[in-house]
Amino acid sequence: MGLLLAVGRELLKAHASVRFKLHSGKELDTVFEALAPETRASTARAKATLEKEGKSLVLSVEARDTVALRSALNAYLRWINSIVNVLQVLEVP
C-alpha cells in the first residue's frame, strides 16, 4: 500500500487528501464498501469522502480546524489499516 498526503488550509477550513495504492480491485472494493457508511455520517466539524481511481482509493477530508482534521484523518487511517491487515490475514486476492 503506497501513501501520498497533501494538506492545506484556507481561511478557517482545513483539508487533506490521501491516496492509497491497494494491491487488487477486490481489496479496493472491500475497503471502499466497509468505509462507505462512515462517509455518510459526517459531523459538524469534519466531512470525509472516498473515491476510487484505478486501483487507488482517495480519501478527502474537510474540517473546520486542524484539530478536527487530525482527528478525522487518524480515524480513517486506522480503519483503513485495520481492514487491509484483516484482508492480508485472510489472504483475500
Of the listed residues (K52, K47), the one being at pLDDT 90 or above and in contact with a Phe, Trp or Tyr (Cβ under 9 Å, 6 or more places away or on another chain) is K52
Among the hydrophobic types (A, V, I, L, M, F, W, C) and modelled with pLDDT of 90 or more: is that true of V89 in this structure? yes
Over the stretch 18-32, the set of residues crowded, with 16+ Cβ neighbours inside 10 Å and either of a type in the set (D, E, K, R) or assigned to a strand (DSSP E or B) (or both) is V18, R19, F20, E27
In the stretch 17-40, which residues are among the charged types (D, E, K, R), within 21 Å of E91 (Cβ to Cβ) and free of Cβ contacts under 8 Å to residues at least 60 places away in the same chain? K21, D29, E33
Please indicate, with yes or no, whether at least one residue in the stretch 48-61 is part of a helix (DSSP H, G or I) and surrounded by 14 or more Cβ atoms within 10 Å (Cβ to Cβ). no
Can you tell me which residue is nearest to S82 (Cα to Cα) among those in the stretch 33-42 that are part of a helix (DSSP H, G or I) and touching a strand residue (DSSP E or B) at 6+ places or on another chain (Cβ under 8 Å)? L35
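The values are calculated or read from the model by the stated rules, or taken from the named source; none is laboratory data. Note that the structure is predicted; figures quoted are calculated from it, not measured. For neighbour counting, all protein chains shown are included, and Cβ atoms are generated from backbone atoms with ideal geometry for every residue, glycine included.
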